[in-house]
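Below: the structure, in structure tokens.
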Amino acid sequence: MNYQTKSQRAFTVIELLVVVTIVALLACFLIPGLARAKVRANRIRCISHLKQVGLGSRLWANDHEEHYPFSSTNAAGSLAWVNSPEVFRHYQAMSNELVTAIVLACPADSERLPVSDFGKLSNSNLSYFVGFEARGDAPNSILSGDRNITGGTLSNGFLRVLTPGAAVGWTKEIHKNAGDIGLGDGSVQQMAGAQLQRHVAALTNQTIRLAVP
């Protein structure tokens, strides 16, 4: 009987270096793309969350004489918390309309941990500010948005006051010098700093109070 043996040849150093180089090149091309895809996905989810906040706010207003919780004298509202740093109280008032508190944490906000239970909600689970001048009959009024907004004056550590002509923008947190804004009509707009500045400037002769968690 003839026995045939198969020779096995190991990788040479050069072949190994070629393989490693190819893998490294693929990683250089793929990893940034995956990172950008994650950023886009988080931004889309953030917009979805703010749309749910806008819808929940409108549903609450429909049942309470067209007032949002922070401007309603109804006992179910959050008017009593307007001067409180506990910003989450305004969203707790809409727990039935929002269904889950998870929508109150932006997926791109690494400093805010989402919770589903409104009973456990606090500012540490909240990514979005509340705009106290928002009204359903004022479509461009600012209802909500990412907490990394900056500008105007900060009062009592939580109330950001934007006077007419105030410079506004975003910090690099969350969406890297950009952010999302929920408007009085329930829509959501992605805004860079310049766009936010133009939007605020268009709200002439109005002081805008934002409760920032």
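The values are calculated or read from the model by the stated rules, or taken from the named source; none is laboratory data. It should be emphasised that the depicted structure is a prediction, and the values quoted were computed from it without experimental measurement. Here Cβ is always computed from backbone atoms with ideal geometry, including for glycine, and neighbour counts include all displayed protein chains.
Among the residues of the stretch 37-91, which ones are among the small types (G, A, S) and either outside any helix (DSSP H, G or I) or buried (at least 16 other Cβ atoms within 10 Å of the Cβ) (or both)? Those that are among the small types (G, A, S) and either outside any helix (DSSP H, G or I) or buried (at least 16 other Cβ atoms within 10 Å of the Cβ) (or both): G54, G56, S57, A61, S71, S72, A75, A76, G77, S78, S84.
K120 falls short on exactly one of the conditions (1) without any contact (Cβ under 8 Å) to a residue 60 or more places away in the chain; (2) over 23 Å from N42 (Cα atoms); (3) buried (at least 18 other Cβ atoms within 10 Å of the Cβ), and that condition is (3). Between a residue in the stretch 48-59 that is at pLDDT 95 or above and among the small types (G, A, S) and any residue that is surrounded by fewer than 20 Cβ atoms within 10 Å (Cβ to Cβ) and part of a helix (DSSP H, G or I), which pairs come within a Cβ distance under 7 Å, given they are 6 or more apart or on different chains? What qualifies is G56/E97. Cβ separations smaller than 9 Å between residues 6+ apart or across chains give the following pairs from the stretch 69-88 residues that are farther than 21 Å from A101 by Cβ and touching a residue at least 12 places away in the same chain (Cβ under 8 Å) to residues that are part of a loop (DSSP other than H, G, I, E, B) and among the aliphatic types (A, V, I, L, M): S71/V82; S71/A134.
Checking each residue in the stretch 176-185 for being over 12 Å from the mean Cα position of the chain (by Cα) and on the phi > 0 side of the Ramachandran plot picks out only N177.
Taking the stretch 158-190 as the range and being polar (S, T, N, Q) and either crowded, with 19+ Cβ neighbours inside 10 Å or not in a strand (DSSP E or B) (or both) as the test, the residues that pass are T163, T171, N177, S187. In the stretch 152-175, the qualifying residues are those that are without any contact (Cβ under 8 Å) to a residue 40 or more places away in the chain and under 18 Å from the mean Cα position of the chain (by Cα), and the one that is nearest to R209 (Cα to Cα) is V168. Any residue in the stretch 128-146 that is crowded, with 17+ Cβ neighbours inside 10 Å, in contact with a helix residue (DSSP H, G or I) (Cβ under 9 Å, 6 or more places away or on another chain), of a type in the set (S, T, Y) and part of a loop (DSSP other than H, G, I, E, B)? No, that holds for no residue. Checking each residue in the stretch 92-115 for being assigned to a loop (DSSP other than H, G, I, E, B) and surrounded by fewer than 16 Cβ atoms within 10 Å (Cβ to Cβ) picks out V99, T100, S110, E111, L113.
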